[in-house]
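Okay, structure first, notes after.
The values are calculated or read from the model by the stated rules, or taken from the named source; none is laboratory data. Source: prediction; values computed, not measured. A quick note on method: Cβ atoms are made from the backbone with ideal geometry, for glycine too, and the neighbour counts reach across all protein chains shown. Surface accessibility is based on the protein's heavy atoms, side chains included, excluding ligands, DNA and RNA. Shrake-Rupley method; radii C 1.70, N 1.55, O 1.52, S 1.80 Å.
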Amino acid sequence: MTLDEIVNDYIRTQRPYTGKEMMDFANEPSPSAAIRRAALCELKDGKRHDHQRRIPKWLLEQIETKLQAIRRKLSNAADFDTLHRLVQEEIGSINGIGALTVYDMLKAVERGMVIRNIRLVRKSGGASGTYVRAGEARRRARAAR
């Protein structure tokens, strides 16, 4: 699948659901409740996002504790860059938490965010199976020499 095909597939199949998810977070009774749902990667019905099920619940609970501790700072962030920096500083060093997990948690707060210079290199599992970015095998082989 080309990048254009992946993006078009996302727009067609996933984008319609993101607006609803944003509204669900906006309708949480408090910032604390929104942080909890975002940190635990929960949908409105309490189930976890499919793509975050591999992260142990105890680890997500640790993330929630850390984010709740800086709740005021998060609420007072002037812009997305500040919000992202705060969250990254707080949970980015936790083993098992990658940039995409941070992205998933932040989209609950700011859906207009942009993460630059990040690309998927390899993934396995899920409905689409294994993916390796074109040229990645050659790049790794050259680097190993």
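Just a few scattered comments:
- Radius 11 Å from Cβ of Lys44, net charge of other residues (Lys, Arg +1; Asp, Glu -1): -2
- Amide hydrogen neighbours beyond the local backbone of Cys41, cut-off 5 Å, H modeled: none
- Ordering Arg36, Arg48, Arg145, Arg72 by accessible surface, largest first, gives Arg145, Arg72, Arg36, Arg48; the 1.4 Å probe counts only protein heavy atoms, with every chain in place.
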